[in-house]
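Peer 1: Once you've had a glance at the structure underneath, I'll fire off some questions.
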Amino acid sequence: MVQRKLNDSTYGLLLVAPVFIIVVGILFLPTLYTIGLSLSNFSFLKGHTLRFVGFTNFVSIFSDSEFVSSLANTVVFTVVTVFLELSIGLVLALILNRSFAFMGLLRTTILFPWALPTALNAIIWRWLFNPDFGFFNTILIQLGLTSVKTNWLGEIPLSMYSMMTVAIWKTSSFMALILLTGLQTIPGDLYEAAEIDGAGWFSRLRKITLPLLVPSILLALLFRSMDAFRAFELPFALTEGGPAGSTQTLSLFGYRQFFQFLKFDTGSAVSVVQFVLILLLGTFYLRIFRTENE
Amino acid sequence: MMQANLFGRVISLIAKYLFVLFLVVLFFFPVAWILLTSIKTTGDIYAWPPVYIPAHPTLQNYHTVLFGSKLGRYILNSVIVSSLSTLSVLFFASLAGYSIARIRFRGRHLLLMFFLSMSMFPQLAIVPSLFIWFRQIGLINSFMGIVLAYTGLFSPLALWILATYFRTIPLEIEESAKLDGCSRLRILWSILMPLSIPGVIAASLIVFIQTWNEFFLALVILSKNLLRTATVGIALYPGEYAFPWELITTATFLAIVPIFALTAVFQKQIIGGLTAGSLK
Amino acid sequence: MSRSGKWVAFAIFAFAAVSVAMAGGKQEPAMQKPVSIQFAISPREVGKVIPDYISGFEKENPNIKVDWLQVPGVPDEQHTLYVTNMASQADKPDVLAVDVIWPGEFIANGWAAPINDSFSSSELSQYLPGMMNSVTVDGKAYGVPLYTNAIHLFYRKDLLDKYGLSVPKTWEELASTAKEIVQKENNPDLVGYISMWAQIEGLFMNYLQFFWGAGGHFFDNAGKASIDTPAGVKALKTMVGFVKDGLAPQSIITYKPNDAMALFRQGRAVFMVVQDFVWPMLNAADSPVNGKVGMTRVPYFAGHPDASTVCMGGWILIVNPYSTHKAEAARFIKYITSEKAGLEMAVQTGSMPARNGMDANAQLLQQYPIAKQLYADFAVGDVRPSAQAGARYPELSHEMQLEIHSALAGEKTPEQALADAQKNVTKILGK
């Protein structure tokens, strides 16, 4: 039996050290490098001299109307999809937490949307959305529900709604998974006691489930918002950001700067802006939920 | 009175069944579409009026993909990379998650915020710098390299999930173990982890699936033909303009079979089994 | 299994897994005698013939080994991979196949090695001049073209014959022919015209065809971008009109080349303007339009019969400037762009070598008859302004796509879209 020689502080830090080192190497240093790039005039052009240019890149992207509209699109996309995914995910988690017939089947299929790679999923939906021979229109027309060939990805703002639908379809089950894990930590006797006191289903939800689910909701909200705000493969594969840039997200805009136009300086600036905004969002969430920190 | 009640109950039961069935169909239909397309001939895929279920299904596509391309190898690579990454993340994240959740040390909140904020940076921007650096230290075209990268990328989320879950386990269990003389690590591995199976499985699945589907880092770091992962391998089928649905749906279906197998095996652990709150 | 037994098993598994991981990364032992070069190209378009090329070349050059790095066929993904490689000055791959619109930016960044010392000027003159233009800057050549493709007009010759109509040479003729056929066929599923007008590079290519066909030139004699012109307005108005008048379906603004091919293959379009990759697919045994399809050059506007209206694509071979085996790389390039290799490629893959005189090659015409039409169309073709725009071409193209798509989606009038394009492109080019 080994006595604990180290005090709490050292021990705690030791356990965290390995992952800290890895995260510093893989995430922190490249982040610093990118921040540095955003303050420079980096270019691949032959014979170019690298210089520090302060906030010039940031000024230039904010005066680019395409950047501003990409930012607006991203905000709208994030807010709407996260809210709907959370709501639907909560309902799904509540359902899955009970025993039902077909529950095994549901539990298995619920992860299918999420198991598909985003880009492939988007390409498939794009084909299903095809107005002239895609599954959705042909079924709707065959069933006589409409005679119009809806241009799902070719109209503004319908294209954005379609894209949001794909995102919600894909990720609601992920939300359900996170919330379900949280649901299972709630002791059953709490519910029993409430039932004895005569509390109905809804007030049990409000007074017991939701408050105790706060950590999981926060987790789901935080990570899902971060992902939605950085959505790239979905618009890239589904709409190329069209029609006329109406579904272009910040990440797609940043991708173009980096890898299509080879402007690593402005691309880095876009990434930094994304980073700052997500940080603000995260702080906002944590403030609201007043997490139990210690 | 009784009859109305019974009737109401039956209706609500049927409604519940239908609803669940509806959900199953909703989540399953693109996968069904992929499967159906993979057994169609080219003519059926592009047929008008559309052919939903082929009258003459064919396995030709599977033949082409399995024997005419390296997909089998790519899927094996993905299995290796994702498994190693998951194990690696679980190892590092559980240590850190336990520490942050249970050990009172100065700066633990700050550390959690650090990990969280680091995972917020747009990944695309990191790819070039990671590549340049990995090239310099010789980690290109090595599974070790990609597993290291994925560990960095996905540890924060796993850490957070595990820490959140650890916090919900009653302190008394740990206290009594300490009194029995268990070391910290022993508590973690033998007591906390088994009690946190839902959280562990959730975190593992998340990491496994995300590393399985990750594209850009895998494209750049594993750029030898034989090292390609499935997701990158499937990207080799489309041409500049042509898009061979026959091959892509087949390859996609084959590539997600391992994931389906995993979720089918573990769905009980994640969701059923433990009734809410019975933590022994 | 006992508790410790479990740990032992786990340790063994972990060790085995780590060993596999390490093995995956072990470098090939450096072969001292043979030189090894790496060739990066997609397995799709000409992939079938690459193994033959490699074995043939290795036989002739026993001290050179060629390793084929398969890369994604989607240009964007390939581009991202190459950019990442070049950014770290990787010495592999030694030879890269790049899209015809990339050399401009690659050369400006020093990412292609000049080849004038490996290729004599007579050797260079064997390649199609249009393609060579896109890889030559200040008189120096930085690569040679491997194969070329282009956009053509595909038509339903059975429908034209049915109504006694001739193959249109001008856009005006095409519009009236299409309208007449659609009206008389009275089939709600049939459209007059389909193409790939999603917000992609292909949209810009399509626009250029209309633009050139109206007598337009993207850069004027002074080297300035010349976008907001009568030719531009005519071109864009025609495109917008096609959609408004119902000649083309609304969905055309979401269509990529494969979607257009699918619709045409279903027999639901009279005319299609798309790249030549569709030819074998349309004439496959189970294709409903097998034997009913004709191919010709893209039309011009009435009054501009001399305009080149076929927008060319294709792939160029460049040598990695950081490669340590440039001489061997050049040898390989010469081998696979020779006439013999080109013939093999054309017959096996349907991709046409970018060499002069192939249209007179009897063997080619005999084994792949449509080659005659393909080269005839290349002869009235032109390339996109990528060489002149240099490193700024991707931004230029993206801006043009945005404005054109805005007009097509009804967000702006054609005049407004072109005025904005003129302003923004001038800013992008800095002149």
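The values are calculated or read from the model by the stated rules, or taken from the named source; none is laboratory data. Computed from a predicted model, the values in this text were never measured in an experiment. Glycine also receives a Cβ, built like all others from the backbone with ideal geometry; neighbour counts cover every protein chain displayed.
Peer 1: With respect to C:Val233, determine if the residue is part of a helix (DSSP H, G or I) and away from every other protein chain (no Cβ under 14 Å).
Peer 2: Values: part of a helix (DSSP H, G or I): yes; away from every other protein chain (no Cβ under 14 Å): yes.
Spelling it out, C:Val233 is indeed part of a helix (DSSP H, G or I) and away from every other protein chain (no Cβ under 14 Å).
Peer 1: Next up: Does region B:57-68 contain at least one residue that is in a loop (DSSP other than H, G, I, E, B) and within 14 Å of chain C (Cβ to nearest Cβ)?
Peer 2: Residues of region B:57-68 in a loop (DSSP other than H, G, I, E, B): B:57-59.
Okay, now just the ones that are also within 14 Å of chain C (Cβ to nearest Cβ), so B:58.
Taking every residue of region B:57-68 in turn, at least one turns out to be in a loop (DSSP other than H, G, I, E, B) and within 14 Å of chain C (Cβ to nearest Cβ).
Peer 1: Give me a count of the residues in region C:250-299 that are buried (at least 23 other Cβ atoms within 10 Å of the Cβ) and either touching a residue at least 12 places away in the same chain (Cβ under 8 Å) or among the charged types (D, E, K, R) (or both).
Peer 2: 21
Peer 1: Could you grab me the full set of residues in region B:206-216 that are within 10 Å of chain A (Cβ to nearest Cβ), in a helix (DSSP H, G or I) and modelled with pLDDT of 90 or more? Don't jump to the end; show me each part of the working.
Peer 2: From region B:206-216, those within 10 Å of chain A (Cβ to nearest Cβ) are B:206, B:208-210, B:212-216; that's our starting set.
Add one more test, that the residue is in a helix (DSSP H, G or I), and what stays is B:206, B:208-210, B:212-213, B:216.
Scanning region B:206-216 gives B:Phe208, B:Ile209, B:Gln210, B:Trp212, B:Asn213, B:Phe216.
Peer 1: While we're here: Of these, A:Asp189, A:Asp197, which one is of a type in the set (Asp, Glu), over 30 Å from B:Ala47 (Cα atoms), within 10 Å of chain B (Cβ to nearest Cβ) and more than 29 Å from the chain's Cα centre (by Cα)? Break it down stepwise before answering.
Peer 2: Details: A:Asp197 fails: within 10 Å of chain B (Cβ to nearest Cβ).
Result of the check over A:Asp189, A:Asp197: A:Asp189.
Peer 1: I've got another one for you. Filter region B:99-118 for residues that are surrounded by fewer than 22 Cβ atoms within 10 Å (Cβ to Cβ), facing chain A (nearest Cβ under 7 Å) and either of a type in the set (Ser, Thr, Tyr) or in a helix (DSSP H, G or I) (or both) and give the result. Step through it out loud before you land on a result.
Peer 2: First pass over region B:99-118, keeping only residues surrounded by fewer than 22 Cβ atoms within 10 Å (Cβ to Cβ): B:101-107, B:109-114, B:116-118.
Remaining after also requiring facing chain A (nearest Cβ under 7 Å): B:103-106, B:109, B:111, B:116-118.
Correct list: B:His109, B:Leu111, B:Leu116, B:Ser117, B:Met118.
Peer 1: Against the definition (within 13 Å of chain B (Cβ to nearest Cβ), of a type in the set (Ser, Thr, Tyr) and in contact (Cβ under 8 Å) with a residue 60 or more places away in the chain), how does A:Ser159 come out, yes or no? Spell out how you get there, then give the answer.
Peer 2: Numbers: within 13 Å of chain B (Cβ to nearest Cβ): no; of a type in the set (Ser, Thr, Tyr): yes; in contact (Cβ under 8 Å) with a residue 60 or more places away in the chain: yes.
So A:Ser159 fails the test.
Peer 1: Out of all the residues in region C:154-169, is one or more touching a Phe, Trp or Tyr at 6+ places or on another chain (Cβ under 7 Å), crowded, with 23+ Cβ neighbours inside 10 Å and not in a loop (DSSP other than H, G, I, E, B)?
Peer 2: yes
Peer 1: What are the pairs, 6+ residues apart or on separate chains, where a residue within region C:399-428 that is without any contact (Cβ under 8 Å) to a residue 24 or more places away in the chain has its Cβ under 7 Å from a residue that is outside any helix (DSSP H, G or I) and of a type in the set (Lys, Arg)?
Peer 2: Filtered contacts from region C:399-428: C:Ser406/C:Lys412.
Peer 1: Quick test for you: out of A:Val24, A:Val68, pick the one residue that is closer than 30 Å to A:Phe264 by Cβ, more than 7 Å from every other protein chain (Cβ to nearest Cβ) and surrounded by 15 or more Cβ atoms within 10 Å (Cβ to Cβ). Spell out the reasoning first.
Peer 2: Numbers: A:Val68 fails: surrounded by 15 or more Cβ atoms within 10 Å (Cβ to Cβ).
None of the others qualify; the one that does is A:Val24.
Peer 1: Pairs please, first residue from region B:24-39 and within 9 Å of another protein chain (Cβ to nearest Cβ), second anywhere and outside any helix (DSSP H, G or I), Cβ atoms under 6 Å, 6+ apart in sequence or on different chains.
Peer 2: Listed by first residue and then by second, the contacts come to B:Phe27/A:Ile110.
Peer 1: Can you name the number of the only condition in (1) assigned to a helix (DSSP H, G or I); (2) over 22 Å from the mean Cα position of the chain (by Cα); (3) among the polar types (S, T, N, Q) that C:Ser118 fails?
Peer 2: Condition (1) is where C:Ser118 drops out.
Peer 1: Exactly one of (1) farther than 25 Å from B:Leu226 by Cβ; (2) touching a residue at least 24 places away in the same chain (Cβ under 8 Å) is unmet by B:Leu84. Its number?
Peer 2: Every listed condition holds for B:Leu84 apart from (1).
Peer 1: Cβ-Cβ below 7 Å, separation at least six or inter-chain, first residue in region A:30-45 and under 9 Å from B:Ser129 (Cβ atoms), second of a type in the set (Asp, Glu) and outside any loop (DSSP other than H, G, I, E, B): which pairs?
Peer 2: From region A:30-45, the pairs are A:Leu37/A:Asp265.
Peer 1: Right, here's the next one. Hey, does region B:1-13 have a residue that's at pLDDT below 95 and surrounded by 15 or more Cβ atoms within 10 Å (Cβ to Cβ)?
Peer 2: Residues of region B:1-13 at pLDDT below 95: B:1-13.
Checking which are surrounded by 15 or more Cβ atoms within 10 Å (Cβ to Cβ) leaves us with none.
Checked against the condition, which is being at pLDDT below 95 and surrounded by 15 or more Cβ atoms within 10 Å (Cβ to Cβ), region B:1-13 yields no hits at all.
Peer 1: Exactly one condition in (1) closer than 18 Å to A:Trp127 by Cβ; (2) touching a Phe, Trp or Tyr at 6+ places or on another chain (Cβ under 7 Å) is false for B:Tyr46; which is it?
Peer 2: Of the numbered conditions (1) closer than 18 Å to A:Trp127 by Cβ; (2) touching a Phe, Trp or Tyr at 6+ places or on another chain (Cβ under 7 Å), the odd one out for B:Tyr46 is (2).
Peer 1: Still on this structure, please answer the following. Against the conditions (1) of a type in the set (Gly, Ala, Ser); (2) within 14 Å of chain A (Cβ to nearest Cβ); (3) not in a loop (DSSP other than H, G, I, E, B), where does C:Ala198 fall short? Just the number, please.
Peer 2: (3)
To keep it simple, each residue is scored yes or no on (1) under 27 Å from A:Ile217 (Cβ atoms); (2) in a helix (DSSP H, G or I).
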site: B:Ile146; (1), (2): no, yes
site: B:Phe154; (1), (2): yes, yes
site: B:Leu157; (1), (2): yes, yes
site: B:Ala163; (1), (2): yes, yes
site: B:Ile169; (1), (2): yes, no
site: B:Glu175; (1), (2): no, yes
site: B:Lys178; (1), (2): no, yes
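Peer 1: Additional query: How many residues does region A:96-140 hold that are under 27 Å from B:Ala203 (Cα atoms) and of a type outside the set (A, V, I, L, M, F, W, C)?
Peer 2: 11
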